[in-house]
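The next block holds one structure in the form of C-alpha cells; read it before the comments.
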Amino acid sequence: MSTAAVKQQESNDSEPLWRQAELRAAEAIGRLMEFWGFRRHMGRLWTILYLSPEPLTTAELSETLQISSSAVSLSLGDLVRWGAVRKTWRPGERKDFYEAESSVWKLLRRVYERRELNLIREANDALSEAQQALESVRGGLGAAERRRVDFMRKRLSRLSALSRAGERLVHLLVAGRAINPSELRSAEEDDQ
C-alpha cells in the first residue's frame, strides 16, 4: 500500500463513523451531479450542507471536504445561483454561513426549468430551421437530391415530434403531474 493510501486509511480510521458516512454520501452525490453536467464539488458541498443541522462557513466546508477555500467559494457561488444553497448570517458573526435548500424536488424542478427545457427549446428551434432550409431548396433540386431532401425532411419531422413530446413530458414533470413515457414512442410512430 502506498504512503498516501496508508495516510488516507489512518485519516479515515480517526474520523467518527458519522463523518465517514457523511463523506461517503457527499462523494456519491458529487459523482451523480458530475454525471448531470455539474461540477463534482457542487454536489459534495450541497450534500454536506444538506446533512448539517446548522449552517456552515466556507472554512468549515473546506476543512470537511479537504478542498481549497477558493474551490469552495466558486462552487458555493454556483450553488447560490441555482438556488441550491442560500447564504445566511448569525447575529454577532462577521462570517457568511451557508445552508442547503432542503427540498430536493424544488432543486430538480429548477434544473429542469432552467436547463433541460431551454435545451429542448433550442433543439426545437434548430430542427425547425433545418426543416425550413430544406423546404426552401427542395424546388431547385434534381430528382436524386430531392429524394434525399425528402428523406431528411421526414427524419427531421420525427425528431421534431420527439422533441416536442419530450418538452411536454418535462413540463408535466415540473408541474408534478403523471408522465406517460409512451408519448415519446407514439410521437415517433405517428410520423412513420
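So THR88 fits all but one of (1) surrounded by fewer than 14 Cβ atoms within 10 Å (Cβ to Cβ); (2) among the β-branched types (Val, Ile, Thr); (3) at pLDDT below 90; what number is the exception?
(3)
All but one of (1) assigned to a loop (DSSP other than H, G, I, E, B); (2) farther than 30 Å from GLU167 by Cβ hold for GLY37, so report the exception by its number.
So the condition that GLY37 fails would be (2).
Return yes or no: is SER103 without any contact (Cβ under 8 Å) to a residue 24 or more places away in the chain and either closer than 17 Å to ARG44 by Cα or of a type in the set (Lys, Arg) (or both)?
Against the criterion (without any contact (Cβ under 8 Å) to a residue 24 or more places away in the chain and either closer than 17 Å to ARG44 by Cα or of a type in the set (Lys, Arg) (or both)), SER103 qualifies.
For the stretch 75-82, indicate whether the set of residues that are surrounded by 18 or more Cβ atoms within 10 Å (Cβ to Cβ), among the small types (Gly, Ala, Ser) and closer than 15 Å to LEU107 by Cα is non-empty. Show your work before the answer.
First, pick out the residues of the stretch 75-82 that are surrounded by 18 or more Cβ atoms within 10 Å (Cβ to Cβ): 75-76, 79.
Restricting the remaining residues to those that are among the small types (Gly, Ala, Ser) gives 75.
Then keep just the ones that are closer than 15 Å to LEU107 by Cα; that gives none.
Within the stretch 75-82, not a single residue is surrounded by 18 or more Cβ atoms within 10 Å (Cβ to Cβ), among the small types (Gly, Ala, Ser) and closer than 15 Å to LEU107 by Cα.
Scanning for something surrounded by fewer than 14 Cβ atoms within 10 Å (Cβ to Cβ), touching a strand residue (DSSP E or B) at 6+ places or on another chain (Cβ under 9 Å) and farther than 29 Å from SER157 by Cβ, does the stretch 54-73 turn up at least one residue?
Yes, the stretch 54-73 has at least one match.
Which one of the conditions (1) assigned by TED's automatic domain parsing to the domain that holds ILE48; (2) in contact with a Phe, Trp or Tyr (Cβ under 6 Å, 6 or more places away or on another chain) does VAL170 fail to meet, given that it meets all the rest?
Condition (1) is where VAL170 drops out.
Being within 15 Å of ALA25 (Cβ to Cβ) and not polar (S, T, N, Q) is the filter here; which residues of the stretch 57-67 pass it?
Within the stretch 57-67, LEU61, LEU65 meet the criteria.
Going by what's in this entry, would GLU93 be described as farther than 30 Å from GLY166 by Cα and acidic (Asp, Glu)?
Judged against the criteria, GLU93 is a match.
In the set ARG114, ARG121, which member is under 27 Å from ALA26 (Cβ atoms) and under 28 Å from the mean Cα position of the chain (by Cα)?
Checking each option against the conditions leaves just ARG114.
Between a first residue in the stretch 139-158 that is in the same structural domain as LEU127 (by TED's automatic domain parsing) and a second residue that is among the hydrophobic types (A, V, I, L, M, F, W, C) and surrounded by fewer than 13 Cβ atoms within 10 Å (Cβ to Cβ), which pairs have beta carbons less than 9 Å apart while being 6 or more apart in sequence or on different chains?
So the pair list comes out as GLU145/VAL137; VAL149/VAL137.
The values are calculated or read from the model by the stated rules, or taken from the named source; none is laboratory data. Everything numeric here is computed off the predicted structure, so don't read it as measured data. Heads up, the Cβs are rebuilt from the backbone with ideal geometry, glycines too, and the neighbour counts pull from every protein chain shown.
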